Amino acid sequence: MIEFLNIKQITQRNKQELMQAFEAVLDSGWFIMGNALRTFEQEFAGYCGTQSCIGVANGLDALILILEAYKETGFMKPGDEVIVPSNTYIASILAVSKAGLTPVLCEPDIHTYLLDPALIEKKISKKTKAILPVHLYGQVCDMDPIVALAKKYNLKIIEDCAQSQGAMYHGKRCGNLGDAAGFSFYPGKNLGALGDAGAVTTHDETLAEIIKAWRNYGSHKKYENLYLGVNSRLDELQAALLSVKLKSLDADNQKRREIAQYYINNINHPGIVLPASKERDVLNDHSHVWHVFVVRTEKRDSFQQYLLENGVQTVIHYPIPPHHQKAYTSLHSQQFPISEKIHSQVISLPISPVMQANEYEKVCQVVNLFSS
Ligand SMILES: *Cc1c(COP(=O)(O)O)cnc(C)c1O
């Protein structure tokens, strides 16, 4: 079986170094808010090119804390609106709801699956305070028109970089393309911890200071509390392991590009829609880090069954659109036909930095022989 993503193999590559990092934390006897966290925060801010990085417990919290911090500054208040893509992973939308704000869903482009700048403006109301572009599947959104809209209407841009660690736009890393960004380091992401982990990046020092306190009971100073904060810290162990894994992020993303390039060059099937980048030079395009390789087909379910029977494991990102989720009855009456089409047709083929040539070659052969 060609596994969709072999996380065991991915982490085994750095076993020695990860064990050393583990031992250093173990021997330090200091497990929360120490040197390993400070070091990783500095390294990741440096990597993204931002002033600050604040380690937090997970990607969902990263987004929630950004929004809570904007409420603390007075820029946002309960009931204000945030524009989010209608086809994102549920966490982007949940973050808005959990912060007491209202998610306003906006359709993506059917070719890139990313927020369509042309559709955003119609969603802007007097209550809109932010746009939350999600660099879904590892591909950076077209930020120039989004930044222009944000300027025009005085909105914040909050990037969801959970799937796009390392991706670039006009020479800048994601996480550095808006006002603040949330990252997840869930084990399956391109930069994954060995448990839950996340981070916020920003240039806004006021915001950074609020989030630093918020993640630690709203405390900036021991036993003094400025805000009604939460416990959402990134522990020393995960921070130390992330510092090890950050070193191979660029090489891992390049390996993903090689596989994506191979798929794009070699998958040739009239019933399978490849990612929109068909004509371009994938290897040299750093705006995509191929968190997942998503294709589209009207025969999605039989295609998935066929692949499984032929030794290829796949995953669907995602089968149910957020506005049809039981948790979001408030959105059930709305219609998002592009999202609905995407959710009924997408399927992700195996891609990872540990995949071997014989494996991705076999994936192409099997895909091309699908009799639709
Ligand atoms: C994974 C993910 C998140 C949430 O990250 P967690 O660390 O699992 O909380 C948020 N947004 C997107 C787009 C994601 O893929």
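Annotation: per residue accessible area for the chain equals 43 Å², rounded to a whole number [probe 1.4 Å, protein chains only].
Take the convex hull of the alpha carbons in the chain; its mean projected area over all directions comes to 18.3 nm².
Over the Cα atoms of segment 78-172, the radius of gyration divided by the Kirkwood radius equals 0.93; this is the Rg/Rh ratio.
Relative contact order of the chain: 22 percent, from C-alpha pairs under 8 Å at least 6 residues apart in sequence. Principal semi-axes of the equivalent ellipsoid, √(5λ) from the alpha carbon gyration tensor of segment 11-59, are 21, 15, 10 Å from largest down. Rounded to whole numbers, the Karplus 3J(HN,Hα) couplings from phi for segment 285-296 are 9, 8, 7, 9, 10, 6, 3, 9, 9, 9, 10, 10 Hz, using 6.51 cos²θ - 1.76 cosθ + 1.60 with θ = phi - 60°, and x at Gly and Pro. Over segment 198-278, the fraction of Cα-Cα pairs per 5 Å bin, rounded to whole percents and listed from the shortest bin up, is 3, 11, 13, 12, 12, 10, 8, 9, 8, 7, 4, 2, 1. The string of couplings for segment 243-254 from the Karplus curve (6.51, -1.76, 1.60, θ = phi - 60°) is 4, 5, 6, 4, 4, 9, 4, 5, 5, 5, 5, 5 Hz, one whole number per residue in order, with x for Gly and Pro. Charge tally around residue 372: other residues with Cβ under 10 Å, Lys/Arg +1 each, Asp/Glu -1 each, net 0.
The values are calculated or read from the model by the stated rules, or taken from the named source; none is laboratory data. Since the structure is predicted, the reported quantities are computational estimates derived from the model, not experimental observations. Heads up, the Cβs are rebuilt from the backbone with ideal geometry, glycines too, and the neighbour counts pull from every protein chain shown. For accessibility, only protein heavy atoms count, side chains too; no ligands or nucleic acids. Shrake-Rupley method; radii C 1.70, N 1.55, O 1.52, S 1.80 Å.
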